[in-house]
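In what follows, a single structure is set out as structure tokens and then discussed.
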Amino acid sequence: MEKPVIDFNINAIYKRANKIDFEKVKISYPWDLVLYLLSKELLEQEIEFLSIEETKDNFDIEVVYDKSLTPPNISVTENRIFLLGNSCYDERLDEIYDKFDEASKSQFTVLLDENALYEKSILNIFFSSKYDDAISLYSPKIDGIIDIVKFKLPNSIEELFAEIKKSKNGEKLLNNYKEKFPEIYEKALQTDISTLHKNSIYSLWEIASIVLEIDNIYSKASHCILQKGPRIDYKLNKNDKLFNNEFDFVSFIKSGISFKLAGVDEKTISLGYVENYIYFLSDLFDKVNEEFELDGISFCGDFIGKDFINKLINKIFNKQLKIYYNRDFPIQK
């Protein structure tokens with residue numbers, strides 16, 4: 001978890017022009033409102049730096065807080081800063097958050113309020129390592145929030161393999177996999193996945209990691225130097241309705257097995273898994289937009305604060321698309 005302070009080097013020209021004798025300056029996210037307002041006023045007076053020191057001297061003015069303030073936890077990505085934790089937001093937002101039992105809906109409702117989106121139609125992506133994921137739609141046309149997609153995990157690897165065998169060419173695929181990677185196959189069968197309690201894409205990546213014997217798909221993907229990964233299948237089980245779709249985890253695992261059988265290395269496969277999830281979300285937005293004329297898309301959940309995910313979002317989604325995030329409220333409470 002990054003600290004809300006960034007070190008910047010000061011070049012020689014700036015040092016000479018401003019007569020300063022230190023090498024670096026720390027830029028801090030403004031977590032203290034008094035300090036923030038003071039800094040703005042000083043900047044207008046062309047005072048660009050503050051030095052905070054411990055001292056026993058007496059002062060003419062003393063500021064006393066009713067309650068202690070702590071700096072926020074932040075994530076600094078290429079395009080923006082995300083609040084991972086923050087004590088300085090309107091307490092009214094907690095009341096909004098607590099109206100729902102599901103974290104995805106709680107977070108989404110707070111986001112709608114912070115951005116004044118109650119008159120807009122918005123597709124929300126809740127992408128979390130801690131809670132159940134959900135892809136949800138809010139629109140005045142439906143008077144509330146409805147889930148477009150929710151994620152469901154198989155109960156065991158044995159159940160997963162049984163479902164794969166029932167699919168088209170699935171049995172042949174698994175037999176080839178067992179023959180080429182017998183130790184990986186048997187180890188996967190013996191692995192208990194009942195501890196994966198969160199129905200999320202991250203949990204599904206963990207299952208793919210077990211089946212393919214890849215140590216942390218997300219980590220491997222974020223360190224892959226390629227520009228593009230292989231096409232991992234992200235599909236929905238057949239449903240005539242737009243709402244309450246189930247994710248097709250069978251195709252999701254089968255495509256990874258196929259690439260491993262073809263000799264594709266684990267970093268490349270991992271990139272395919274992570275990258276194609278963002279493509280899947282982009283395609284899903286287009287599909288929902290055809291029926292609801294969406295005004296934008298919103299993202300929340302701790303994974304949105306990861307730089308690699310943020311880069312993919314900015315790479316894959318239409319640059320003209322309006323994207324919303326939480327403002328003062330953390331991206332995941």
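The values are calculated or read from the model by the stated rules, or taken from the named source; none is laboratory data. Here the structure is a predicted model, which means the values were calculated and not measured. Glycine also receives a Cβ, built like all others from the backbone with ideal geometry; neighbour counts cover every protein chain displayed. Accessible surface areas use protein heavy atoms only, side chains included; no ligands, DNA or RNA. Shrake-Rupley method; radii C 1.70, N 1.55, O 1.52, S 1.80 Å.
Under 5 Å between amide hydrogens, which residues at least 5 positions from TYR324 or on another chain qualify, with H placed 1.01 Å from N in the peptide plane?
Under 5 Å from the amide H of TYR324: ILE297, SER298, PHE299.
What is the mean projected area of the alpha carbon convex hull for segment 171-241, to one decimal in square nanometres? Mind dumping the intermediate values first?
On the way: hull surface 28.8 nm².
Answer in nm², one decimal: 7.2.
From Cα pairs below 8 angstrom and at least 6 apart in sequence, can you work out the relative contact order of segment 114-267, rounded to a whole percent? Don't skip to the end; give the middle numbers.
Numbers: 205 pairs, mean separation 37.5, N = 154.
Relative CO of segment 114-267 lands at 24 percent.
For ILE20 paired with ASP307, estimate the spin-label separation in nm (one decimal), with each label point 7 Å from Cα along the Cα-to-Cβ line.
Result: 2.3 nm between the two label points.
Expressed as a rounded percentage, what relative contact order does the chain have, with Cα pairs under 8 Å and six or more residues apart?
Working: 490 pairs, mean separation 69.4, N = 333.
This gives 21 percent for the chain.
Output the pairs from LYS152/LYS311; LYS241/LYS333; LYS165/LYS228; LYS150/LYS187; LYS198/LYS333; LYS172/LYS254 with a Cα-Cα distance over 22 Å in this structure; if there are none, say none.
Too far apart for the 22 Å limit: LYS152/LYS311; LYS241/LYS333; LYS165/LYS228; LYS150/LYS187.
Using only Cα atoms, figure out Rg for segment 133-182 and give it as a multiple of 2.2 N^0.38 Å. The partial results should precede the final answer.
Details: Rg = 18.1 Å, N = 50, 2.2 N^0.38 = 9.7 Å.
Relative to the rule-of-thumb radius for its length, segment 133-182 sits at 1.86.
Suppose we keep just the alpha-carbon trace of segment 273-323; what are its Rg and Dmax in angstrom?
My reading of the Cα-based Rg and Dmax gives 11.0, 32 Å.
On a 1.4 Å probe surface of the protein chains, which of ILE210, ILE81, ILE164 comes out largest in accessible area, and what is the full order?
ILE81, ILE210, ILE164
How large is Rg over Rh for the chain, taking Rg from the Cα atoms and Rh as the Kirkwood inverse mean of 1/r across Cα pairs? Walk me through the numbers on the way to the answer.
Values: Rg = 24.3 Å, Rh = 22.9 Å.
Computed over Cα atoms, the ratio is 1.06.
What is the Å³ per residue value for the convex hull set by the Cα atoms of segment 178-321?
On the way: hull volume 18.5 nm³, N = 144.
Here the figure is 129 Å³ per residue.
From zero up to wherever the largest Cα-Cα distance of segment 201-244 sits, split into 5 Å bins and tell me the percent of pairs in each.
Spelled out bin by bin, segment 201-244 gives 5, 16, 21, 23, 14, 9, 9, 3 percent.
Using a 1.4 Å probe, what is the accessible area per residue for the chain, in Å²? Could the numbers behind the result be given before it?
On the way: 19610 Å² over 333 residues.
Ligands and nucleic acids excluded, the figure is 59 Å² per residue.
How large is the convex hull of the Cα atoms of segment 85-142 per residue, expressed in Å³ as a whole number? Let's see the in-between values first.
Numbers: hull volume 5.5 nm³, N = 58.
Spread over its residues, the Cα hull of segment 85-142 gives 95 Å³ apiece.
So what is the calculated 222 nm ellipticity per residue for the chain, using -39500 (n - 2.57) for each DSSP H run with n of 4 or more, over all residues, to the nearest 500 deg cm²/dmol? Let's see the in-between values first.
Working: 12 runs with 134 residues, N = 333.
Result for the chain, helices only: -12000 deg cm²/dmol.
Of all beta bridges DSSP finds with both residues in the chain, what is the antiparallel percent, to the nearest 5?
On the way: 21 of 30 bridges.
So the antiparallel bridges in the chain amount to around 70 percent.
Given a 1.4 angstrom probe, I'd like the percentage of the accessible area of the chain that is carbon and sulfur, rounded to a whole number.
Numbers: 9390 of 19610 Å².
Of the solvent-accessible surface of the chain, carbon and sulfur hold 48 percent.
Taking a label point 7 Å from the Cα of GLU246 along the Cα→Cβ vector, which residues of segment 141-170 have an amide N closer than 17 Å to it?
Within reach of a label on GLU246: 147-168.
Hey, any idea what Rg/Rh is for segment 95-243, computing Rh the Kirkwood way over Cα pairs?
With Rh from the inverse mean 1/r over Cα pairs, Rg/Rh is 1.04.
Arrange the peptides 14-20, 109-115 so that the one whose residues have, on average, the most other Cβ atoms within 10 Å appears first. Before the final figure, lay out each step's value.
On the way: 14-20: 10.3, 109-115: 20.7.
Result, highest mean first: 109-115, 14-20.
Given R₀ = 51 Å, FRET efficiency for VAL264-GLU293 by Cβ-Cβ distance, to 0.05?
Working: r = 40 Å, r/R0 = 0.78.
With R0 = 51 Å, the Cβ-Cβ based efficiency is 0.80.
Can you tell me the FRET efficiency between TYR118 and ASP283 if r is taken as the Cβ-Cβ distance and R0 is 30 Å, rounded to the nearest 0.05? If you can, show how the numbers build up before the last one.
Values: r = 27 Å, r/R0 = 0.90.
Efficiency, from the Cβ-Cβ distance: 0.65.
So, by mean Cβ neighbours within 10 angstrom, what's the order for 278-288, 264-274 with the highest one leading? Don't skip to the end; give the middle numbers.
On the way: 278-288: 17.6, 264-274: 21.6.
Final packing ranking: 264-274, 278-288.
What relative contact order, as a whole-number percentage, does segment 245-333 give when Cα pairs under 8 Å and 6 or more residues apart are counted? All intermediate terms of the calculation are to be shown ahead of the outcome.
Values: 41 pairs, mean separation 24.4, N = 89.
Relative contact order of segment 245-333: 27 percent.
Sketch the reach of a paramagnetic label on ASN169 as a point 7 Å from Cα along Cα-to-Cβ, and name the residues of segment 260-282 whose backbone nitrogen lies under 15 Å away.
Of the residues in segment 260-282, 260-263 have backbone N under 15 Å from the label point off ASN169.
How would you order 306-314, 245-253, 37-45, 86-94 from highest to lowest mean count of nearby Cβ atoms within 10 Å? All intermediate terms of the calculation are to be shown ahead of the outcome.
Numbers: 306-314: 18.2, 245-253: 19.9, 37-45: 10.9, 86-94: 14.1.
Most protected by this proxy first, the peptides run 245-253, 306-314, 86-94, 37-45.
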